[in-house]
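*Asks:* There's a structure below that I have some questions on.
The values are calculated or read from the model by the stated rules, or taken from the named source; none is laboratory data. As the structure is a computational prediction, the values presented were derived from the model and not from experiment. For neighbour counting, all protein chains shown are included, and Cβ atoms are generated from backbone atoms with ideal geometry for every residue, glycine included. These accessible areas exclude ligands, DNA and RNA; they are computed on the full protein's heavy atoms, side chains included. Shrake-Rupley method; radii C 1.70, N 1.55, O 1.52, S 1.80 Å.
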Amino acid sequence: MTNVQFVKKKIGTSYLIWFKESNLYYQFEEPVWYVFERLVKNNTTREIASGFSEQYDLNFEESLTFVNDVQTKISELNQKDISLENNLPLLPNLNGFKYKAYVTHNYIIGDKPLRFSFETDWLENYVHPLIEHLKEETGEAYSNHFELFTFDDRVVFRHNGIVKGNWNDNESHLTKGKVFMTLVNTIYDKTDTDWLMTVHASALTNGKKTILFSAPPNSGKTTIAALLHTRGLKLISDDFVAVDRDSFNAYPFPSAMSVKEKSTDLLKPFFPLLEDKKLNYITEEKSVRYLPLENNTSMIFPVKEFVFVKYDKEVEFEWNKMDTLDAIKLLLEQTWVAPTFRNAEILFDRVEKSSFFQLTYSNNEKALQTIKQLFDYEQ
């Protein structure tokens with residue numbers, strides 16, 4: 001079986017595999033690993049089935065069926081992911097394409113003066129509400145210009161006159177991801193290759209280490225992070241955390257915190273400004289208020305632990321340390337890792353050395369006390 005490029009990591013009796021072509025991560029156990037290891041060495045299916053039959057005390061026909069099934073699965077996992085490439089047609093003159101901006105805003109993020117131009121109000125809503133608190137009307141020179149406009153019914157993102165990508169209007173998460181990645185590169189003078197991964201998580205620090213709180217939407221991570229902020233911890237990012245490849249440091253992303261309507265009453269006593277914040281309707285089911293974070297881009301510390309959060313009104317409090325393999329599955333659901341061999345290797349090494357916990361709760365006080373103890377614990 002040719003052209004299967006991969007990285008492997010043995011954890012316990014399992015093998016965690018990254019497939020380069022698809023950028024997929026998958027876990028193999030024996031006896032699947034026995035077959036995979038031989039397929040990628042180009043042994044024939046009949047050769048593998050013969051050895052498999054002897055190794056696992058099965059008849060040849062049963063072994064051959066199993067080997068063929070594994071081969072089919074590996075072929076699926078090794079399919080090239082075309083989303084890793086932006087092969088959509090761009091006209092040669094799109095870098096210089098002229099459009100009429102609906103609005104232009106200037107911001108100061110960290111010590112970087114930035115300018116954003118938006119062709120329409122709905123493109124403005126992609127980004128501006130999250131960084132509106134960083135808006136500055138100054139006469140400083142702006143060496144970085146971010147632009148969002150439309151071309152041929154697609155959203156185009158251009159940075160300093162160079163098109164970075166284009167997407168259809170229901171791929172706003174991809175557009176935002178590219179804009180945010182370009183923003184962190186600009187703020188911290190880095191490039192895409194400097195980052196190991198970005199995580200959909202809230203990040204808090206005590207000035208010594210950072211803990212990431214990750215979960216699917218509507219799981220309570222922003223609420224628990226905001227409450228921890230009131231206990232003296234620094235909330236350095238609400239939803240988008242970029243992690244450095246070499247140091248495993250989490251870098252602050254100073255966007256506003258997205259507070260869902262159902263959490264507003266709980267948080268208003270601690271954040272009185274919420275009362276006056278506009279309610280933004282993201283979808284028919286989701287509405288949020290944006291609460292600014294402190295614009296502190298110097299709180300850079302290594303990630304030591306990950307906490308997977310789930311609010312469940314039927315569960316008062318459950319706190320468990322997770323098996324590494326189970327944790328990796330959850331982490332990868334909320335993470336984008338730059339698709340390179342070296343990044344896969346680093347990720348495998350880092351997660352094996354990290355601690356993972358699962359928090360299911362409805363009792364805020366018990367959750368906060370336990371997490372505070374985790375911050376106080378030094379590995």
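*Asks:* Translational diffusion coefficient of region 104-237 at 20 °C, 1.002 mPa s, Stokes-Einstein with Kirkwood Rh over Cα pairs, in µm²/s as a whole number.
*Replies:* Rounded, D is 130 µm²/s.
*Asks:* Could you state the angle between the C-alpha long axis of helix 60-77 and the longest principal axis of the C-alpha atoms of the chain, as a value from 0 to 90 degrees rounded to the nearest 10?
*Replies:* Taking Cα atoms only, the helix is inclined about 20 degrees.
*Asks:* Could you give the dipole magnitude of region 233-379 about its Cα centre, charging the beta-carbon of Lys and Arg +1 and that of Asp and Glu -1, in debye to the nearest 20?
*Replies:* Computed charge dipole of region 233-379: roughly 260 debye.
*Asks:* Please list the non-local residues whose amide H lies under 5 Å from the amide H of R245, H modeled 1.01 Å from N, same-chain partners needing a gap of 5 or more.
*Replies:* W195, L196
*Asks:* Also, quick follow-up: May I ask for the angle, rounded to the nearest 10°, between helix 341-353 and the longest principal axis of the chain, with both axes built from Cα atoms and the value confined to 0 to 90°?
*Replies:* Long axis of 341-353 versus the principal axis of the chain: about 90 degrees.
*Asks:* If I take R0 = 35 Å and measure r between the Cβ atoms of T44 and D152 in this structure, what FRET efficiency does the formula 1/(1 + (r/R0)^6) give, to the nearest 0.05?
*Replies:* Values: r = 49 Å, r/R0 = 1.40.
That gives a FRET efficiency of 0.10.
*Asks:* Have a look at the DSSP beta bridges in region 241-379 and tell me what percent are antiparallel, nearest 5.
*Replies:* If we restrict to bridges inside region 241-379, about 70 percent are antiparallel.
*Asks:* A follow-up question, please. Pop out the ³J(HN,Hα) list for region 248-253 in order, Karplus 6.51 cos²θ - 1.76 cosθ + 1.60 with θ = phi - 60°, rounded to Hz; leave Gly and Pro as x.
*Replies:* Once rounded to whole Hz, the list reads 6, 7, 8, 9, x, 10.
*Asks:* Calculate, in nm to one decimal, what I11 and Q373 gain on full extension: separation in residues at 0.36 nm each, minus their alpha carbon distance. It would help to have the intermediate numbers written out before the result.
*Replies:* Values: separation 362, 0.36 × 362 = 130.32 nm, distance 2.81 nm.
Fully extending the segment from I11 to Q373 adds 127.5 nm.
*Asks:* Continuing with the same structure: Report the residue, chosen from E76, E285, E365, that carries the largest GNM mean-square fluctuation when the chain is represented by alpha-carbon nodes joined by springs under 10 Å.
*Replies:* E285
*Asks:* Per residue of region 236-244, what does 6.51 cos²θ - 1.76 cosθ + 1.60 with θ = phi - 60° give for ³J(HN,Hα)? Whole Hz please, x for Gly and Pro, Karplus curve as stated.
*Replies:* With coefficients 6.51, -1.76 and 1.60, one gets 9, 6, 9, 9, 10, 10, 9, 10, 5 Hz.
*Asks:* Mind checking region 164-227 for trypsin sites (Lys or Arg not before Pro) that DSSP puts in a loop (not H, G, I, E or B) and that have at most 16 other Cβ atoms within 10 Å?
*Replies:* Sites meeting the loop and neighbour criteria: K190, K208.
*Asks:* Can you give the extra length, in nm with one decimal, that the chain gains between E316 and D246 once fully stretched, where that is 0.36 nm per residue apart less the Cα-Cα distance?
*Replies:* In short, 21.3 nm is gained.
*Asks:* In region 270-338, what trypsin sites (Lys or Arg not before Pro) fall in a loop by DSSP, with at most 15 other Cβ atoms inside 10 Å?
*Replies:* Values: sites: K277, K278, K286, R289, K304, K310, K313, K321, K329; in loops: K277, K278, K286, K313.
Sparse-neighbourhood loop trypsin sites (Lys or Arg not before Pro): K278, K286, K313.
*Asks:* Tell me the label-point distance for the pair T230, K190, using the 7 Å Cα-to-Cβ offset, in nm and rounded to one decimal.
*Replies:* The two pseudo-label positions are separated by 3.2 nm.
*Asks:* Please give the length that would be gained between W336 and R115 if that part of the chain were fully extended, namely 0.36 nm times their separation in residues minus their C-alpha to C-alpha distance (nm, one decimal).
*Replies:* Between W336 and R115, full extension yields an extra 76.9 nm.
*Asks:* Mind checking the per residue accessible area of the chain for me, 1.4 Å probe, whole number of Å²?
*Replies:* 50 Å²
*Asks:* Right, another one. Give me the angle, in degrees from 0 to 90, between the Cα long axis of helix 324-333 and the longest principal axis of the Cα atoms of the chain, rounded to the nearest 10.
*Replies:* Taking the Cα atoms of the chain, the angle to 324-333 is about 50 degrees.
*Asks:* By DSSP, what percent of the beta bridges with both residues in the chain are antiparallel, rounded to the nearest 5?
*Replies:* Numbers: 61 of 78 bridges.
Antiparallel bridges: around 80 percent, rounded to the nearest 5.
*Asks:* Enumerate the whole-percent occupancy of each 20 Å bin, from 0 to the last occupied one, for all C-alpha pair distances of the chain.
*Replies:* Going from the shortest bin to the longest, the percentages are 25, 51, 22, 2.
*Asks:* Another one. Between N106 and K73, what's the calculated FRET efficiency when r is the beta-carbon distance and R0 is 56 Å? Round to 0.05.
*Replies:* The computed FRET efficiency comes out at 0.60.
*Asks:* What residue among L148, L196, L330 shows peak mean-square fluctuation when the chain is described by a Gaussian network model with Cα springs under 10 Å?
*Replies:* L330
*Asks:* For a quick check, take a GNM of the chain with Cα springs below 10 Å and name the residue from S219, S247, S50 with the largest mean-square fluctuation.
*Replies:* S50
*Asks:* With all protein chains present, how much of the accessible area of region 125-231 (probe radius 1.4 Å) comes from carbon and sulfur, to the nearest whole percent? Show your work: numbers first, answer last.
*Replies:* Values: 1850 of 4180 Å².
Carbon with sulfur: 44 percent of the solvent-accessible area.
*Asks:* Taking loop as defined by DSSP and a crowding limit of 14 other beta carbons within 10 Å, which chymotrypsin sites (Phe, Trp or Tyr not before Pro) in region 200-308 fit?
*Replies:* Numbers: sites: F213, F240, F248, F270, Y281, Y290, F306, F308; in loops: F248, F270.
Loop-located and lightly packed - F270.
*Asks:* Next up: Heavy atoms only, probe 1.4 Å: what % of the accessible area of region 266-313 goes to carbon and sulfur, would you let me know?
*Replies:* Looking at region 266-313 in its full context, I get 52 percent from C and S.
*Asks:* Roughly how many debye, to the nearest 20, is the charge dipole of region 54-213 about its Cα centre, given +1 on each Lys and Arg Cβ, -1 on each Asp and Glu Cβ, and no other charges? Walk me through the intermediate numbers first.
*Replies:* Values: 15 positive and 24 negative charges, 176 e Å.
Once rounded to the nearest 20, the dipole reads 840 debye.
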